[in-house]
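Some notes on the structure that comes next.
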Amino acid sequence: MRIFLTVPLSDERFNAIPDIGLGYLATCCREAGHEVYILDCLLEKSTMADFIRCLKRYKPDVLGIKTYSCDIKRTDEMCQEARQILVELITILGGPHPSSEIPERIFHQIPNAQYAFAGEAEAGLPEFLARFVNGTTDFENIPGLIWRDDTGAVRANSKVYTTNLDTLSFPAWDLIDPRKYNWGYSYMTTKLPAAPMVMTRGCPFRCTFCGSHLITGRHVRKRSVDNIINEMKMLRRDYGVQTIDIVDENFAFDREFLIEFCQRMISEKPGLLWNCPYGVRLTNLDEEVIVLMEKAGCFGVSVGVESGSDRILKLIRKGLTRETVVQKVQLIKRLTNMMVQGYFIIGFPGETRNDIHDTIELARSLPFDLVTFCPLRVTPGTEIFTTLLANSVISLELDYAGLGQHYFVRSYCDIPEQEMQKLYRRAYFRFYFRLKVVLNLMKRMSSPAHVKIILNGLWRLIGSHHKKD
């Protein structure tokens with residue numbers, strides 16, 4: 001079969017990086033004997049007309065769309081247009097939204113899609129395609145599949161997670177060539193081409209706001225260091241990659257694994273720098289590990305702080321205290337020259353003005369090179385979503401439009417929404433409008449991509465004054 005996988009059209013997302021999720025799926029489909037094409041609509045700056053032209057040229061049997069909550073309207077439009085052109089086309093959704101959304105609601109939101117996969121789809125998608133090839137429509141026991149049966153009822157099979165990650169062949173890098181992308185995962189990435197990599201999957205922690213476990217499960221699974229180093233060497237040799245963006249949820253979860261990885265990077269010298277832009281857990285870092293990471297080529301880490309209030313940190317079950325944040329961030333900056341980026345969230349249920357003030361002032365008081373203040377995104381499957389739904393603060397008809405934008409600021413506590421939006425802007429102005437921060441960013445600016453990231457951030461921040469929420 002001819003498989004067309006795509007990062008969809010989006011009115012909200014702009015930062016294009018190689019999509020290794022689609023890369024892994026492309027490899028699985030190829031190994032099952034299928035032809036695969038990947039279109040990254042963000043990279044290509046595609047319009048609907050561009051997408052249609054690609055469909056007509058490739059004439060696929062299957063269209064697979066990586067679906068984000070903020071893009072459900074555009075995703076449905078793509079499915080509708082595609083099925084009008086290719087009437088026999090099979091449309092499949094995957095990615096974050098179908099992994100977290102209530103199964104019965106997926107086809108209500110995206111009625112022109114026929115199937116969806118929740119969780120990791122490397123096992124389920126090839127099996128699904130094989131049954132089509134064999135002419136059967138018995139979809140029982142296909143891992144993660146969501147579909148409508150003959151009566152129209154929505155069915156959802158259990159998710160299955162790959163136990164041994166080494167059994168997965170490398171992503172189809174020829175279809176997501178890093179040389180085509182002009183920036184990395186975050187501002188910290190300075191040397192291009194950059195390639196994202198995942199070393200582990202799964203998250204055992206119980207943060208109330210996070211739904212990552214809905215995609216990769218609770219159990220942390222690790223690739224072997226041999227497998228990781230081999231992929232890095234291949235990326236360096238075949239694609240000229242200079243930087244690896246480690247986009248794991250829990251790269252530093254296993255201390256011995258992290259130490260082994262660093263030691264191998266030091267001994268084998270693959271000629272690559274690396275960073276952890278997705279975030280490492282501060283409680284898992286100590287002096288030995290921090291020093292070893294920099295020696296092994298790590299130039300930057302992001303840390304999920306979330307709040308400067310111990311009360312809120314306890315409420316969201318972060319497993320972190322303000323004191324620990326201060327100690328660990330100061331330790332990293334004292335021992336190394338690594339960049340440190342802090343991730344914060346404002347707008348938690350039960351949060352007060354004083355809590356938000358504490359968050360802003362904690363960010364300002366620490367030697368962060370960068371910070372991101374993210375308004376709370378209430379997404380299905382998280383404990384916060386379930387609680388707010390039960391208390392009638394939100395409804396199942398939650399509007400996801402704007403979810404990918406920084407101006408999407410909502411209040412889920414007693415602070416009025418308009419004031420919450422002002423507090424959000426104040427957080428950014430208080431941190432970034434300081435001479436030492438500006439000079440530090442300018443010093444580290446090394447590419448047009450960096451300029452674009454900064455200008456885009458300023459536009460979103462300033463533009464939030466004029467957006468109707």
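Karplus-based coupling profile of the range 67-81, in residue order and whole Hz: 10, 9, 4, 6, 10, 5, 5, 5, 4, 5, 4, 5, 4, 5, 4, with θ = phi - 60° in 6.51 cos²θ - 1.76 cosθ + 1.60 and x standing for Gly or Pro. Fully extending the segment from R218 to N134 would add 26.8 nm, taking 0.36 nm per residue of separation and subtracting the current Cα-Cα distance. Only protein atoms count toward the accessible area here, which uses a 1.4 Å probe; on the range 6-158, the carbon and sulfur part of that area reaches 48 percent. For the range 157-172, list residues with backbone N below 11 Å from a point placed 7 Å from the Cα of E127 toward its Cβ? From the range 157-172, the list is 157-161. Shown is the FRET efficiency for F170 and F429, computed with R0 = 41 Å from the Cβ-Cβ distance and rounded to the nearest 0.05: 0.40. In this rough spin-label picture, where each label sits 7 Å from Cα along the Cβ direction, the A32-N337 distance is 4.9 nm. You can think of it this way: the chain between S267 and V289 has 6.3 nm of extra reach, that is 0.36 nm per residue less the Cα-Cα gap.
The packing ranking, built from the mean of other Cβ atoms within 10 Å per residue, places the peptides 169-177, 129-137 in the order 169-177, 129-137, highest first. Calculated mean residue ellipticity at 222 nm for the chain: -12000 deg cm²/dmol, from DSSP H runs with n ≥ 4 weighted as -39500 (n - 2.57), summed, divided by the residue count and rounded to 500.
Per residue, the chain exposes an accessible area of 42 Å² to a 1.4 Å probe, with every protein chain left in place. Tilt of helix 225-239 relative to the longest C-alpha principal axis of the chain, in degrees (0 to 90, nearest 10)? That helix lies at roughly 80 degrees to the long axis.
Lacking any other cysteine beta-carbon closer than 4.7 Å, the following Cys residues of the chain have no compatible partner: C28, C29, C41, C54, C70, C79, C203, C262, C276, C298, C374, C413. For K73 and R364, the FRET efficiency from 1/(1 + (r/R0)^6), where r spans their Cβ atoms and R0 equals 35 Å, is about 0.40. Pairs over the 26 Å Cα-Cα cut-off, from the set K56/K159; K295/K333; K45/K436; K191/K422; K233/K333; K45/K269: K56/K159; K45/K436; K191/K422; K233/K333; K45/K269. Extension gain, A390-M234: 0.36 nm per intervening residue step, less the Cα-Cα distance, totals 51.2 nm.
With a Förster radius of 22 Å applied to the beta-carbon distance between V154 and D399, the computed FRET efficiency rounds to 0.55.
Of all DSSP-defined beta bridges confined to the chain, some 15% are antiparallel rather than parallel. The C-alpha atoms of the chain define a longest principal axis, and helix 48-58 lies at about 50 degrees to it. In this rough spin-label picture, where each label sits 7 Å from Cα along the Cβ direction, the E260-I85 distance is 4.7 nm.
Only one residue of N134, L168, S186 has its Cα farthest out toward the positive end of the dipole of the range 129-256, where Lys and Arg carry +1 and Asp and Glu -1 on Cβ, and that residue is S186.
Net charge in the neighbourhood of L55 (other residues with Cβ under 12 Å of its Cβ; Lys, Arg +1, Asp, Glu -1) is +3. Relative to the dominant Cα principal axis of the chain, helix 322-335 is inclined by about 80°. Centre-to-centre separation between the Cα atoms of the range 405-439 and those of the range 134-180: 39 Å. Judged by the ratio a/c of the largest to the smallest principal axis of the C-alpha gyration tensor, the range 250-319 counts as prolate, that ratio being 1.5 or greater while a/b is larger than b/c. Is any residue of the range 355-389 close enough, with backbone N under 19 Å, to a label point placed 7 angstrom from the Cα of L315 along the Cα-Cβ axis, and if so, which? Under cut-off, by backbone N: 355-363, 373-379, 382-389. Of the accessible area of the range 196-269, computed with a 1.4 Å probe over protein heavy atoms only, carbon and sulfur atoms account for 50 percent.
The values are calculated or read from the model by the stated rules, or taken from the named source; none is laboratory data. Since we're looking at a predicted model, the values are computed, not measured. With ideal geometry, Cβ positions are generated from the backbone for all residues, glycine too; neighbour counts draw on all protein chains shown. For the accessible areas, the whole protein counts, side chains as well, though only heavy atoms, and no ligand, DNA or RNA atoms are used. Shrake-Rupley method; radii C 1.70, N 1.55, O 1.52, S 1.80 Å.
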